[in-house]
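Structure provided below as structure tokens; questions to follow.
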Amino acid sequence: MSYSPVEIIIKKRNGEQLSESELKFMFQGYIENQIPDYQMSALLMAIYHKGMKKSEISNLTSIYINSGRIITFPEDIATVDKHSTGGVGDKISIILGPIMAACGAYVPMISGRGLGHTGGTLDKLDSIPGLRTDFSEKEFRKLVLNNGYAIVSQTESLVPIDKHIYALRDVTGTIESLPLITASIMSKKIAEGARNLVIDLKIGSGAFIRNLEAARKLGKLLTNTGNSFGQNVKIIYTNMNSPLGEYVGNSLEILESIHFLQGKKIPDLYQITRRLAITMLQIAGISSSETVAVEHFDNVLNSGAALERFKLMIQAQEGDPAVCDNPQLLPRARYEIPIEATDSGWIEAIDSQNIGYALIGLGAGRRKINDQLDYSAGAYLPHKIGDHLERGARLGSIFCNNLHLVDEAAGKIADSFHLTKQPTKHQELILEY
Ligand code: URA
């Protein structure tokens, strides 16, 4: 059936429901070059403002999934994955993949690139020299079966609609839409063939979702969509008010992930990763109880088995596993410039979204679809809400290759830390599960 794109855009702009064939005409048409960027951007903005009914979300998710192939795994292996709704400094997928594989799970992970102010797992992995994420579905399946896990991108045969719409949403201010987030996440997670899924639903200043009410709404949409495709979904709501870990930026986050797998217990990263792993191990049927799951988790980290899996994944995906022993092989910024606290006091809030935008200004993320990234750009930001700072003390530092960009980024980052003279508390990291 042929429609007029502009009539469909107007219909959604006026808050009407779109039929399955209208959605297919626009979204499938977009990847077949029948619908130009400007009309798809207008439709995405209309969806952002007017939302979608449950049946539209379910139809849209199916259209995304069926734009490519669906992978299946043998019934007798424990497939489980985790997906984050996005946050600043969130490198947990990079750490969890090898931990789960070392525990005996199979993790077929289709991930994303940077989205809005948040970094993307694929961009981080791309900073490892030689590493590829663009595999055919057959190669992807083989990688998972051989090594226990693989992290790959959407391709022209694996959720191609998400590949293209994700990149367009990144640069058109259309990310924070519950229907679009649901179709994007669940299409990847269903097409990849994982029977069990844990969602790290991030809430706070560095996330796309700012309050528990909206988060619960998204949690329900994600769970219902997964269940309708036969997937077992668990949601864990986590705090994203302070950047996660101590480093933000592509190669810096790979380095921090290696340190984690080598045994460094970075408190917020450790607590959230552990909670996610325990839930994944239980729902996949690998650990019979929380206590057994904790033992599994501790064993693979303490024995180095998880780090070994990470090296195997890098090698299997054609990267250089020597980065794990010699971090000098990762892209490194020419300059590290300290940032000082401009006042004394306790940190009461951090505008983590603003920090994400400051780093995009340094080249760590995209402003336009075809922007090239500077993989070494980023920041060291060890302080969290509840910490005390003295005026002039080190707030962190910026890593960059272009000194002209430093002042703006440093100013933005310093302004993102809101201090008060009253003591503040460290925040709970796991909000609900
Ligand atoms: N992660 C995704 O894969 N898609 C979104 O829209 C948000 C987070």
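The values are calculated or read from the model by the stated rules, or taken from the named source; none is laboratory data. Since the model is a prediction, treat every value here as computed from it, not as a measurement. Note that each Cβ is placed from the backbone with ideal geometry, even for glycine, and that neighbours are counted across all protein chains shown. Heads up: the accessible areas ignore ligands, DNA and RNA and are worked out on the full protein's heavy atoms, side chains in. Shrake-Rupley method; radii C 1.70, N 1.55, O 1.52, S 1.80 Å.
Over the C-alpha atoms of segment 293-386, what are the Rg and the largest Cα-to-Cα span, Dmax, in Å?
In order Rg, Dmax, the Cα atoms of segment 293-386 give 18.2, 49 Å.
Grab the other residues whose beta carbon is less than 15 angstrom from that of Glu192, score K and R as +1, D and E as -1, and report the net. Before the final figure, lay out the partial values.
Values: positive: Arg69, Lys82, Lys138, Arg141, Lys142, Lys163, Lys188, Lys189, Arg195; negative: Asp81, Asp134, Glu137, Glu139, Asp162.
Neighbourhood net charge equals +4.
Write down the percent of antiparallel bridges among all DSSP beta bridges whose residues are both part of the chain, to the nearest 5.
Details: 20 of 39 bridges.
Looking only at bridges with both residues in the chain, the antiparallel portion is about 50 percent.
Let me ask another. Please report, in debye to the nearest 20, how large the charge dipole of the chain is about its Cα centre when each Lys and Arg carries +1 at its beta carbon and each Asp and Glu carries -1 there.
Numbers: 44 positive and 48 negative charges, 144 e Å.
Roughly 700 debye for the chain.
Give the Rg/Rh ratio for segment 1-127, taking Rg as the radius of gyration of the Cα atoms and Rh as the Kirkwood radius, to two decimals. Before the final figure, lay out each step's value.
Values: Rg = 18.1 Å, Rh = 17.2 Å.
Radius of gyration relative to Kirkwood radius: 1.05.
For the chain, what does the convex hull of the Cα positions come to per residue, in cubic angstrom? Display every interim value, and only then the final one.
Details: hull volume 58.4 nm³, N = 433.
Considering the Cα atoms of the chain, their hull volume per residue is 135 Å³.
In what sequence, largest accessible area first, do Thr85, Thr72, Thr223 appear using a 1.4 Å probe?
Working: Thr85 10, Thr72 95, Thr223 30 Å².
Final ranking, largest accessible area leading: Thr72, Thr223, Thr85.
Most fluctuating residue of Val159, Val323, Val233 in a GNM of the chain with Cα springs under 10 Å: which is it?
Of Val159, Val323, Val233, the most mobile in the Gaussian network model is Val323.
Keeping all protein chains in position, work out how much accessible area His296 exposes to a 1.4 Å probe, and write it in Å² to the nearest 10.
Spelled out: His296, probe radius 1.4 Å, area about 50 Å².
Order 413-421, 106-114, 249-257, 367-375 from most to least packed using the mean count of other Cβ atoms within 10 Å.
Working: 413-421: 17.3, 106-114: 25.4, 249-257: 27.8, 367-375: 13.9.
Top to bottom by mean Cβ count within 10 Å: 249-257, 106-114, 413-421, 367-375.
Run the dipole for segment 332-420 about the Cα centre, Lys and Arg Cβ at +1, Asp and Glu Cβ at -1, nothing else charged, and hand back the magnitude in debye, nearest 20. Present the calculation step by step, with values, prior to reporting the outcome.
Numbers: 9 positive and 12 negative charges, 80 e Å.
Result for segment 332-420 is approximately 380 debye, rounded to the nearest 20.
Another question, then. So what is the relative contact order for the chain, in percent, with contacts set as C-alpha pairs under 8 Å and at least six apart?
Numbers: 924 pairs, mean separation 80.0, N = 433.
In percent, rounded to a whole number, it is 18.
With n ≥ 4 as the cut-off for DSSP H runs, can you work out [θ] at 222 nm for the chain, using -39500 (n - 2.57) per run divided by the number of residues, rounded to the nearest 500? Before the final figure, lay out each step's value.
Values: 16 runs with 193 residues, N = 433.
Mean residue ellipticity at 222 nm (helix-derived): -14000 deg cm²/dmol.
Can you check what the net charge comes to around Lys124, using other residues whose Cβ is under 11 Å from the Cβ of Lys124 (Lys, Arg +1; Asp, Glu -1)?
Values: positive: Lys91, Arg113; negative: Asp90, Asp123, Asp126, Glu253, Glu256.
Once positives and negatives cancel, what remains is -3.
Looking at Thr79, Asn59, Tyr270, which one has the Cα that reaches farthest to the positive end of the dipole of the chain (charges on Cβ: Lys, Arg +1; Asp, Glu -1)?
Asn59
Can I ask one more? Suppose the chain between Ser21 and Lys425 were pulled fully straight at 0.36 nm per residue; how much longer would it get relative to their current alpha carbon spacing?
On the way: separation 404, 0.36 × 404 = 145.44 nm, distance 5.17 nm.
Roughly 140.3 nm would be gained on extension.
Give me the number: length gained by fully extending Ala393 to Tyr335, i.e. 0.36 nm times residue separation minus the C-alpha to C-alpha distance, one decimal in nm. Could you put the intermediate results ahead of the total?
On the way: separation 58, 0.36 × 58 = 20.88 nm, distance 1.95 nm.
So the extension gain works out to 18.9 nm.
Work out, in µm²/s and without decimals, the Stokes-Einstein translational diffusion coefficient of segment 332-420 at 4 °C, 1.567 mPa s, Rh from Kirkwood over C-alpha pairs.
Working: Rh = 13.3 Å.
The calculation lands on 98 µm²/s.
Ignoring ligands, DNA and RNA, how do Leu143, Leu329, Leu158 rank by accessible area with a 1.4 Å probe, largest first? Can you show the working numbers first?
Working: Leu143 25, Leu329 70, Leu158 0 Å².
Result, largest first: Leu329, Leu143, Leu158.
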